[in-house]
Amino acid sequence: MGDNTMGKTINMEIDSLFISGHRACHGCGMSLGVRHVLEATGKNVIVISPTGCLETFSSPYGFSPWKVPWIHHLFENAPAVASGVAAALTAQKRENTRVVVMGGDGATFDIGFGALSGMLERNDDVLYICFDNGAYMNTGGQRSGATPLCADTTTHPAGLYSVGKTQMKKNLPKIVADHGTVYVATASIAYLKDLKKKVQKAMTFRGARYIQIDTPCPSGWGFSSELTLEVGRLAVNSGLVPLFEMEKGKVVNVHKIKKKITVENYLKNQKRFRHLFNDIACQTAVVELQSVADANIATYGLTKKEKTA
């Protein structure tokens, strides 16, 4: 029998629903996440993507990495378009074909938020996935509602009289859950098995569902491209990015932190937070971010309780 290793490798590429050749940056967490999300959904889906990094790097003229039907539209109306596609599938009695939105935080937290709220209120049969890289990275790194407190962005730059963004990150998973959404989850591209399990679980529900994926961005956050997964792990283990599942507004599962780290250990490797360690006056911001992480750990019970003697 001949060696068919090469054939197996080729087949793996053919079987993938998001193939290589797109124009994502080196170390892009989003492209990695998309590939694994589609592994979890299977091929019987229609993907809707608003304007953003994903739309830009996956649509070079004459080539598409998408091996499923994919629709690009305006920045603000992904949920509306997805709702229309879902309604059309129902009218055609094609309920086995599912609708998935894959968008960034700018289109989700800000520009498309009204349409998202409407989709959730109507409980349309759409899985909305937000790849959260914390800013409008496609257009230069402007702040969004998902940008963390004190992050340096092009529209909220750190400087002599500023510590970066002065507002807290919008708690969108809670806002989505408050709509009565049947399934809400947070995930990270640093924990791909956990991510895929949540996508697979979301696909078992009917109605509106939401998954928010923490997606480190080397070019926007300012770290070396080979550290994408490590930065994602640090975010989770610091408590700043809690991983959990909610069903009808109640937390049903959390990802426990095995080895808790300080927020400082997460922040110091990113250029967007470098100013916090160059100025003694900014150290209070680090303390404030630590309090945010500690609150997340307490709220979601992210660490194991130590046994008392």
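The values are calculated or read from the model by the stated rules, or taken from the named source; none is laboratory data. Owing to the predicted nature of the structure, the values given are computational and were not obtained by experimental measurement. When we count neighbours, we look across all protein chains shown, and the Cβ atoms used for this are built from the backbone with ideal geometry, even at glycine. Surface areas here come from the heavy atoms of the whole protein model, side chains and all, with no ligands, DNA or RNA. Shrake-Rupley method; radii C 1.70, N 1.55, O 1.52, S 1.80 Å.
Quick rundown of the values:
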quantity: Mean Cβ neighbour count within 10 Å, used as a protection proxy, ranking 43-49, 171-177 highest first; calculated: 43-49, 171-177
quantity: Equivalent ellipsoid semi-axes, region 83-227, via Cα gyration tensor eigenvalues times 5, rooted, Å; calculated: 31, 17, 13
quantity: Whole-angstrom gap from region 211-239 to region 259-291, using each part's C-alpha centre; calculated: 15 Å
quantity: The chain - mean residue ellipticity at 222 nm from DSSP helices (-39,500 (n - 2.57) per run, n ≥ 4, rounded to 500); calculated: -10000 deg cm²/dmol
quantity: Rounded D (µm²/s) - region 1-157, Kirkwood Rh over Cα pairs, Stokes-Einstein at 10 °C, 1.306 mPa s; calculated: 94 µm²/s
quantity: GluC sites (Glu not before Pro) restricted to region 9-110 and DSSP loop, no more than 16 other C-beta within 10 Å; calculated: Glu95
quantity: Cα convex hull volume per residue for region 18-68 (Å³); calculated: 77 Å³
quantity: Sorted peptide list for 157-163, 201-207, criterion being average Cβ within 10 angstrom, highest first; calculated: 201-207, 157-163
quantity: Rg/Rh (Cα only; Kirkwood hydrodynamic radius) as it applies to region 246-309; calculated: 1.09
quantity: Average accessible surface area per residue within the chain, 1.4 Å rolling probe, Å²; calculated: 48 Å²
quantity: Lys, Arg +1 and Asp, Glu -1 on Cβ, resulting dipole of region 46-130 about Cα centre, debye, nearest 20; calculated: 400 debye
quantity: If the convex hull is drawn through the Cα atoms of region 114-172, its volume per residue in Å³; calculated: 90 Å³
quantity: Rg/Rg_globular for region 178-234, with Rg_globular taken as 2.2 N^0.38 Å and Rg from C-alpha atoms; calculated: 1.35
quantity: Mean shadow area of the chain, taken as a quarter of the surface of its Cα convex hull (nm²); calculated: 20.2 nm²
quantity: Largest-first ellipsoid semi-axes for region 76-137, taking √(5λ) over the Cα gyration tensor eigenvalues, angstrom; calculated: 23, 12, 8
quantity: More than 19 Å apart - percent of Cα-Cα pairs taken over region 188-284; calculated: 50 percent
quantity: About the Cα centre, charge dipole magnitude for the chain (Lys/Arg +1, Asp/Glu -1 at Cβ), debye; calculated: 780 debye
